[in-house]
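First up is the structure itself, then whatever we jot down about it.
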């Protein structure tokens, strides 16, 4: 069978090259048809674990307390922030923004309630709420309130009073969430193995519906953000402004991915052309390899479009890596062809091509397979874009091997044999010089390798699985500038939330009360509220004191900026009541008299309707050099349990910080666990190819040393492992193994 396949291959590719080329053209044309369907994705979903329970919890909490679906404009006027001209500009800017599709509301210093400008009596909260637009309001008192109030401090205005924010809230896209929840329910059903074939069909349909609608949502968001920027540009004469927020970051990251694909892809092609021209100095050895690269890239991009696999920030360099791997296969074929042509001049072109392909097919096959094995280590990460990157490279390398061994020999057969050059072969001179150096200094090289291995192990021990999100962007980008302003002047950027529930004893108490409850009628108008004060866990003076301790502790942490919780309400009303903390009766009164706009600001985002769950929101200061997310979360958890005596099961951390941290930790664990499996698999392949344990061992050591050196260098330089750099081990092993196989295979054949 093997002989039959080999004979069939040579008969089809070498003997009938035109038919082979026609086949390649048809394949390329077929896949190129789907290139317009090729899409990019930079949504938050692409940065988190696909089956992370924390993700489901985050969505559940976001549904109750609000999501991150808003934009933030930092506004630093060139004149006094409280001047008529500046306030009119903020009003005009907000009015223009409110007219845009998808915009639900605008929050700014003009429309938030003022409680201390001058101080409002608690009894008049429902009727005497002012805003900055209220006639006769004291602007200096308002400025002081924005800078010092527990509500607005580090939220609406910077400490120096020179910068404010305009928050642009998007309308909730119910169809998006309906499709999302439908898909997630079916995915959970399949995951738990309680599904039928019909469920699988429904899941695939729901998945496609969601992906298509998600793509249309991203397009709409892109247009809205462009419109927001256009409106901002019309007001830049009055203030320095930066745009921030998750939707804007998503849109801009898609632009960055698109730019990277074009820039790096084009850059690698230009580099390849220059290097081929320098090394081989003949048109055929430039055109054929570049043709192979372009064909492979077109087919892979078309395949991704056909399968609707979207390129993310993680896989945005796949074209560059694919081009490097493709060109390495071609260069090995060219060099072997030239060696055969020089050693036996005057041979027929078909014979030369047959010998070249026959000699190189096996080592090239094994280089492709071992490279694929390295990238397969990404498939167990649990992160959809990383998995897709692994599959993309696996399929891309497979296609590169098949297309290269079809197009290259078929095209080469149609050309005349190369005339051997009589000039100096500088490449050969260089490689012989390297070989002579190695032969003379074997002990030095072995000792140096051992020393490098020791240094690598020390460097790897210094690796950290951490990254500041702001570091992903250049300092001249709007994302970076906006995040920096918010981070330094407006209470931090990255949100981290704590959700706290009652302990089990409270629920047992509720059951007991329900069983023993006797119906009594009271004429007291506050009876319901009094009952509520008794029958809720958090909204009473005792538990609110404990919440205040949590709040104050979080504010004391240097990595934490603005903290918001139900304790903010207590602080505000303590301030309004001249320093007297509200008791249970006051709390019932406050809850009854509080106007809806104040309740929306101070209660609803931080307390559930039954008052049995609290939601504490804090923002982390990304620019803090000591920020270690995982350590910070554990530090806070430990303080709540050991110092404040909360039961561990009542504390739940959520938010993008948790999801991002879970993703990094999972990615690190999967890579560490699979690196041994990858090395073992490559070792087995080496033994099959070389039929020698010693040669297989010699072959695997340089690959381990290469991957170890790269990871060690990251450790020594303080470059953390994150979603971008974690794939470096797979890429290093995948590329390094190529050279090892060719060296040892040639050594076995010639010596």
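All of the numbers you see were taken from the coordinates with simple rules; none came from a lab. Keep in mind that this is a model prediction, so the values were computed, not measured. When we count neighbours, we look across all protein chains shown, and the Cβ atoms used for this are built from the backbone with ideal geometry, even at glycine.
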**Ranked list, fewest to most other Cβ atoms within 10 Å of each Cβ, for 263, 251** = 263, 251
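Quick one: order 34, 259 by neighbouring beta-carbon count within 10 Å, fewest to most.
The fewest-first ordering by Cβ neighbours comes to 259, 34.
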**Message:** With a cut-off of 8 Å between alpha carbons and a minimum separation of six or more residues, what is the relative contact order of the range 69-244 in percent?
**Reply:** 37
**Complete:** In terms of the alpha carbon gyration tensor, root eigenvalues a ≥ b ≥ c, rounded if a/c is under 1.5 and otherwise prolate when a/b exceeds b/c or oblate, the range 226-296 is prolate
**Message:** Would any residue of the range 692-722 have its amide N under 20 Å from a label point 7 Å out along Cα→Cβ of residue 441? List them or say none.
**Reply:** 702, 705-706, 709
**Fill in**
For the range 120-272, shape from the Cα gyration tensor axes a ≥ b ≥ c, cut at a/c of 1.5 then a/b versus b/c, turns out oblate
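Can you list, largest first and rounded to whole Å, the semi-axes you get for the range 662-751 by taking the square root of 5 times each eigenvalue of its Cα gyration tensor?
Rounded to whole Å, the semi-axes are 29, 14, 9.
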**Complete:** Expressed in nanometres to one decimal, the distance between label points 7 Å along Cα→Cβ at residue 83 and residue 277 is 5.7
**Request:** Based on the mean of other Cβ atoms within 10 Å per residue, sort peptides 73-86, 699-712 so the most packed one is first.
**Result:** 699-712, 73-86
**Prompt:** For the range 68-83 and the range 109-165, what is the separation of their Cα centres, given in Å?
**Reply:** 15
**Fill in**
Taking N as the residue count of the chain, its alpha carbon Rg divided by 2.2 N^0.38 Å gives 1.19
**Full-extension gain in nm, residue 6 to residue 717, via 0.36 nm per residue minus C-alpha separation** = 251.0 nm
**Item:** Sequence of 394, 427, 493 once ranked by neighbouring C-beta atoms within 10 Å, starting from the fewest
**Value:** 427, 394, 493
**Taking N as its residue count, the alpha carbon Rg of the range 68-151 over 2.2 N^0.38 Å** = 1.19
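Below 8 Å between Cα atoms, with a sequence gap of 6+, how large is the relative contact order for the chain in percent?
20
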**Prompt:** Using mean Cβ contacts within 10 Å as the protection proxy, how do 689-696, 296-303 order, highest first?
**Reply:** 296-303, 689-696
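Which peptide among 106-112, 678-684, 14-20 comes first, and what is the full order, when sorted by highest mean count of other Cβ atoms within 10 Å?
Result, highest mean Cβ count within 10 Å first: 106-112, 678-684, 14-20.
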